[in-house]
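This report refers to the structure that appears directly beneath it.
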């Protein structure tokens, strides 16, 4: 019947969504762990950790904005990948 195909598509959508979300969370955590070190390496003349500890507000805002923008960009890419997986599972297969 037609509802068997619908239930199968819903099941695949749920599986793709959960797997995609798990992979996305893992990638986002990895990005959040790597990005501060990458920013430190890209700005060798400034030791952000020391400057932030000394209370340099400008460095703290710059560092926070750069890392936050990179994490937000990675989040958008991951969200699109999860949505594409769900759409691919929901798309009817020609017979």
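The values are calculated or read from the model by the stated rules, or taken from the named source; none is laboratory data. All values reported here derive from a predicted model rather than from experimental measurement. Cβ coordinates were reconstructed from backbone atoms using ideal geometry, including for glycine residues, and neighbour counts include every protein chain displayed.
Report every pair of residues separated by at least 6 positions or lying on different chains whose Cβ atoms are under 8 Å apart, first residue within the range 15-29 and more than 20 Å from residue 72 (Cα to Cα), second assigned to a helix (DSSP H, G or I).
15/89; 16/82; 16/85; 16/86; 16/88; 16/89; 19/85
Mind listing whichever residues of the range 65-90 are surrounded by fewer than 12 Cβ atoms within 10 Å (Cβ to Cβ) and more than 12 Å from the chain's Cα centre (by Cα)?
65, 87, 88
Go through the range 46-72 and count every residue that is farther than 15 Å from residue 33 by Cα, at pLDDT 85 or above and in a helix (DSSP H, G or I).
11
Residue check: is residue 19 at pLDDT 80 or above, in contact with a helix residue (DSSP H, G or I) (Cβ under 8 Å, 6 or more places away or on another chain), surrounded by fewer than 15 Cβ atoms within 10 Å (Cβ to Cβ) and at negative phi?
Values: at pLDDT 80 or above: yes; in contact with a helix residue (DSSP H, G or I) (Cβ under 8 Å, 6 or more places away or on another chain): yes; surrounded by fewer than 15 Cβ atoms within 10 Å (Cβ to Cβ): yes; at negative phi: yes.
Considered against the rule, which asks whether it is at pLDDT 80 or above, in contact with a helix residue (DSSP H, G or I) (Cβ under 8 Å, 6 or more places away or on another chain), surrounded by fewer than 15 Cβ atoms within 10 Å (Cβ to Cβ) and at negative phi, residue 19 comes out as yes.
Just checking, does the range 40-54 include any residue being surrounded by fewer than 15 Cβ atoms within 10 Å (Cβ to Cβ) and under 19 Å from the mean Cα position of the chain (by Cα)?
no
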